[in-house]
Amino acid sequence: MQSNKARWLTLLVTAAIFFGVTVAIGFAIVPEPRSSTDHLVIGTIATLVALAAVFVMIITTIYRGSENFVRRRPKPGEPDSVDSKETPNT
């Protein structure tokens, strides 16, 4: 079992790798000479991809429950669902 610091470090390193790879792909796609607007667009897209990767990783690793975004009403006659300690409710 990984410690909490190791998880966050892995998450940050993975986000940095996604950012770097996306920037490299952006520089390969956009022809030279690049203007400052080109750099802005490449950086914005790389940031979006890195944040999306972080979001997906957090949802799939930390919040593993099936009721992350939507809580279903129990059917009549079913007992109420009990929250797990592993899945924090915010």
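The values are calculated or read from the model by the stated rules, or taken from the named source; none is laboratory data. Please read these numbers as outputs of a predicted model, since none were measured by experiment. Positions of Cβ are generated from backbone atoms using ideal geometry, with glycine treated the same way; all protein chains shown enter the neighbour counts. When the accessible area is computed, the model is the full protein with side chains, heavy atoms only, and any ligands, DNA or RNA have been set aside. Shrake-Rupley method; radii C 1.70, N 1.55, O 1.52, S 1.80 Å.
Here is how the numbers come out for the structure above:
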quantity	calculated
Interatomic Cα distance distribution for the stretch 16-64, bins of 10 angstrom, percent	27, 42, 20, 9, 2
Full-stretch length increase - residue 44, residue 75 - with 0.36 nm per residue and alpha-carbon distance subtracted	6.6 nm
Where a label projected 7 Å from the Cα of residue 21 along Cα→Cβ would reach, residues of the stretch 36-60 with amide N under 15 Å	46-57
Residues of the stretch 1-60: accessible area per residue with a 1.4 Å probe, Å²	74 Å²
For the stretch 37-42, 3J(HN,Hα) per residue [Karplus equation, 6.51 cos²θ - 1.76 cosθ + 1.60, θ = phi - 60°, Hz, x = Gly/Pro]	5, 4, 5, 5, 5, 4
